[in-house]
Amino acid sequence: MRQFSPLYRIWHWLQAVAVFGLFITVVLRMSVMHKEQIGGIVQAKLAEIGTIITDEQAVMIGKAVRAPMWDWHIYLGIAVAVLLVVRIAMVLKNGFGFDDNPAMQKVYMLYKLFYGVLAAMSLSGLVLYWKLAGEGKEIVESVHMYLGWSVFAFMAIHIAGVVLAEKSDQGGLVSRMISGRD
């Protein structure tokens, strides 16, 4: 049965919180915090008091209203990138820590793929943050978005896998990830 070091457990939960936070900011940005949604509300309320603004002005206000929330996306994205560097250092020092269980080899390959996708997502996010994409900005944004949704899909698969593992011979996995004990 695989045991998890205190450092790995701390890393895991910090990364989980950061990725979940990114997910929340993306969902908010695409729904109730969408610039046009907020702009439309502002435009309608201002019209009620006799002030008319253009659609462009409304979108500008919508962007300003959601800017603090989007700042959190940036902070959490940087945290994910830093935590990934920490994980790479852990792997270089101690290896992945995967056991030789043949039944788990496909799962371990999925984790390695996850780290690659997380690295590409982090790099594309940093390229956007530092404004290095130039004319390729839209392409980098699209790639970043698809990679992000892949990470979110992995989270769902990971949680489902943990639930299944708890019901199998891997029982106690959650306890080991929280306290280090079965």
Fill in the blank from the handout: Interchain or sequence-distant (5+) residues whose placed amide H lies within less than 5 Å of the amide H of GLN170 are none
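Could you work out the Kirkwood radius for region 48-89, taking every pair of different alpha carbons, averaging 1/r and inverting it, reported in Å?
Details: mean 1/r = 0.0770 Å⁻¹.
Mean inverse Cα-Cα distance, inverted, gives 13.0 Å.
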Fill in the blank from the handout: Rounded to the nearest 500, the 222 nm mean residue ellipticity computed for the chain from DSSP H runs (n ≥ 4, each -39500 (n - 2.57)) alone is -27000 deg cm²/dmol
Fill in the blank from the handout: The aspartates and glutamates whose Cα lies under 20 Å from the Cα of LYS63, excluding any fewer than 8 residues away in the same chain, are GLU36, ASP55, ASP71, GLU138, GLU141
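In debye, nearest 20, what is the charge dipole magnitude of the chain about its Cα centre with +1 on Lys and Arg Cβ and -1 on Asp and Glu Cβ, if you could check?
Numbers: 16 positive and 13 negative charges, 101 e Å.
In total the dipole reaches around 480 debye.
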Handout entry: Sites matching trypsin sites (Lys or Arg not before Pro) across region 99-182 that sit in DSSP coil, with at most 11 neighbouring C-beta atoms within 10 Å
Key = LYS131, LYS167, ARG181
Exercise for the section: Obtain the radius of gyration and the Kirkwood radius of region 1-54 from its C-alpha atoms and give Rg over Rh. Expected result: 1.45
Handout entry: Under 26 Å from LYS112, Cα to Cα: lysines that are on another chain or at least 8 residues apart
Key = LYS93, LYS167
Exercise for the section: In whole Å, largest first, what are the principal axis extents of the Cα atoms in region 76-182? Expected result: 52, 28, 25
Problem - More than 20 angstrom apart: percent of Cα pairs within the chain - result: 63 percent
Handout entry: Extreme residue, positive dipole direction of region 34-86, given options TRP70, ILE49, GLN37 (C-beta unit charges)
Key = TRP70
Exercise for the section: Quick one: what are the phi-derived ³J(HN,Hα) couplings along region 47-54, Karplus 6.51/-1.76/1.60 with θ = phi - 60°, whole Hz, x for glycine and proline? Expected result: 5, 4, 9, x, 10, 10, 10, 6
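Every number here is computed from the coordinates shown, using simple stated rules; none is lab data. Values in this document were obtained by computation on a predicted structure and should not be read as measured data. Reconstructed Cβ throughout: ideal geometry from the backbone, glycine too, with neighbour counts over all protein chains shown.
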